1. What are the ³J(HN,Hα) couplings of the range B:40-55, residue after residue, when phi is run through the Karplus curve with 6.51, -1.76, 1.60 and θ = phi - 60°? Round to Hz, x for glycine and proline.
2. Which Cα, out of A:PRO353, B:TYR127, A:LEU261, lies furthest along the positive dipole direction of the protein assembly as shown (beta carbon charges, K/R +1, D/E -1)?
3. Rounded to the nearest whole Å², what accessible area per residue is found for the protein assembly as shown with the 1.4 Å probe?
4. Answer with one residue from B:THR52, B:ALA103, B:ILE93: the one whose Cα lies farthest towards the positive end of the charge dipole of chain B, charges on Cβ with Lys, Arg +1 and Asp, Glu -1.
5. Taking the dipole about the Cα centre of the range A:139-188, with the C-beta of Lys and Arg at +1 and of Asp and Glu at -1, give me whichever of A:VAL179, A:ALA140, A:THR152 is farthest to the positive side.
6. Hey, any idea what % of chain A's accessible area is carbon plus sulfur with a 1.4 Å probe?
7. For chain A, which span is the longest to avoid every loop-located (per DSSP) member of GluC sites (Glu not before Pro) having at most 15 other Cβ atoms inside 10 Å?
8. Rounding to the nearest 10 and keeping the result within 0 to 90°, find how far the Cα-based axis of helix A:121-142 lies from the longest principal axis of chain A.
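The values are calculated or read from the model by the stated rules, or taken from the named source; none is laboratory data. A quick note: this is a predicted structure, and the numbers were derived from the prediction, not measured. Using ideal geometry, Cβ is built from the backbone for each residue, glycine included, and neighbour counts are taken over all protein chains shown. Please note that ligands, DNA and RNA were not included when accessible areas were found on the heavy atoms of the full protein model with its side chains. Shrake-Rupley method; radii C 1.70, N 1.55, O 1.52, S 1.80 Å.
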Amino acid sequence: MDKVTIPIGPQHPALEEPEKFMITLEGEKIVGVGVRLGYNHRGIEKACEERTYIQDIYLIERICGICSHSHSTSFISAVEEIAKLDIPKRALYIRALVGELERLHSHLLWLGVLGHQIGLDTLLMYSWRDREIVMDLLAAITGNRVNYGINTIGGVRKDIEKDHIENVLKAMDILEERVKYYKEVLLEEVTLVNRLSGVGKLSTEDALRLGAVGPTARASSVCRDIRSEDPYGIYQELDFKIITDNHNDVYGRGVVRIGELDESVKLIRQILKNLPDTPISVKAPRRIPEGEALFRYEAPRGEDVHYVKSNGTDKPERVKVRAPTLANVVAIESMLKNGYLADVPVAIAAIDPCFSCTDRMVKVVDLDKDKSNMLNWEDLVKYSVNWYKDKGYDFTKIKLK
Amino acid sequence: MTEEQILQNLTQKFNFSEESIRVQRIRRIWINVEYERFFEIFDYIVKELSFTHLCAMTGVDSGSVFEVIYHISNENGIVISLKTNTPRETPKIKTITEYFADAGIYEKELIDLFGIEVEGTPVGPRYPLSDDWPEGEYPLRKDWKPKESEAITNG
């Protein structure tokens with residue numbers, strides 16, 4: 001049978017996240033996958049070297065809108081290790097609170113994106129509506145829906161007030177009910193279960209061999225979570241489960257993320273219950289003594305790694321960021337092989353890719369290249385939804401309660 | 001094994017001097033090695049000590065040399081940052097993809113951003129720079145500065 005190569009992408013200003021996948025088909029099955037990243041590379045690491053540590057917090061947290069706090073906390077914690085600062089407990093609790101709220105809104109966003117990729121837009125509407133509860137909390141506590149600016153060297157910039165605490169706890173009660181609902185949908189909605197099962201398969205061995213991280217790895221039974229394995233902040237004082245699943249597919253990745261929503265609700269309640277009465281920051285030097293540090297953080301997408309080297313001035317010598325999606329990209333190729341072209345959108349969406357985290361430089365690309373044989377993302381999603389409709393998976397006929 | 005035990009084990013096996021290896025804090029070990037000894041030590045740490053997860057690979061421009069730091073972790077969350085270096089005039093290292101299948105993309109970053117040659121790295125597209133990026137321009141080198149942007153005006 002003839003092999004046909006279909007490029008999907010590349011960058012288009014209208015696409016949400018610019019990346020390029022080269023899919024080689026034999027008949028309907030995928031026999032080869034190539035991934036070309038770099039369209040969103042912004043030169044952030046270089047830019048960090050020319051700005052002070054405080055300026056860099058604002059730059060680093062804009063690597064990604066949804067993993068914003070993860071990046072900010074990782075960077076600042078590495079700097080604090082070099083400066084040998086003892087961060088007050090209340091600051092660490094507030095960082096953890098914002099981190100878990102971030103995980104909640106990130107996973108809820110993901111649930112909606114997943115729904116959209118398969119044509120189940122009701123799921124998108126419901127989950128993004130529920131997500132607004134978390135966005136409102138973050139806006140009230142930090143002053144912003146994304147890019148919170150809550151961190152500073154030595155602690156946090158804002159304290160959490162009594163009103164905030166009450167509102168967060170009320171919101172957690174509502175979200176707990178919503179999570180129960182999503183769990184039911186994922187268990188009982190047969191069309192959904194069948195649509196997602198067996199898609200994007202990644203064995204435990206391959207997950208480990210290819211260095212997959214986060215929910216992507218945990219859905220292949222890899223029981224690893226940086227909050228537990230290499231605990232940071234106050235996670236050692238908190239009680240939580242690492243959620244894993246053994247389906248090794250997109251369905252499993254859904255089970256894991258919904259389970260983590262539950263755990264984050266529980267964590268937030270513990271954090272607020274045990275919030276100590278200490279200052280929210282310590283004074284930090286402007287010039288950071290020579291040194292280096294490596295920090296790892298469990299971002300919603302998985303292990304986020306930051307390396308910082310200082311040179312005694314107020315600007316870093318080197319800042320290196322390895323965001324979680326880059327670790328999972330290698331696994332995409334393995335997941336898509338032997339699947340159908342129609343599986344591509346949901347399999348890729350299931351690793352919850354944040355190409356902003358992974359590529360960091362903006363450039364406008366000549367769109368006339370490859371025009372004749374390119375599928376942009378929306379076309380591929382439409383193709384996928386129709387392909388599965390022909391096989392009996394019609395999500396327009398599904399009424400979610 | 002604890003960090004201290006790992007430090008003892010490695011110091012004995014490879015005769016490290018006190019300056020070459022340190023436990024900076026809990027779960028963080030830092031080791032400096034010359035490139036001639038790199039693979040012998042790397043192999044031992046990955047295979048015998050079971051540091052089986054590659055967290056990241058960092059390139060650093062340190063003037064006369066480029067440092068390459070391999071950050072690898074074990075199941076107990078301990079990270080060994082193994083630092084080696086290659087001369088600035090002819091920077092060249094070998095791939096570690098036999099140990100870590102996912103290392104290819106990190107090696108591509110070193111090639112694109114520092115101009116370090118990586119022997120044996122898998123064939124594939126470059127990362128992260130664009131296909132029309134000019135040759136010989138390595139942005140993360142300290143002597144590379146971005147050009148001033150020009151304002152584009154009509155007429």
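1. These are the phi-based 3J(HN,Hα) values: 4, 6, 4, 4, 5, 5, 6, 7, 7, 8, 6, 8, 9, 10, 8, 7 Hz.
2. A:LEU261
3. Accessible area per residue: 42 Å².
4. In chain B, that residue is B:THR52.
5. A:THR152
6. 51 percent
7. Longest run free of exposed loop sites: A:162-289.
8. Its long axis makes an angle of about 10 degrees.
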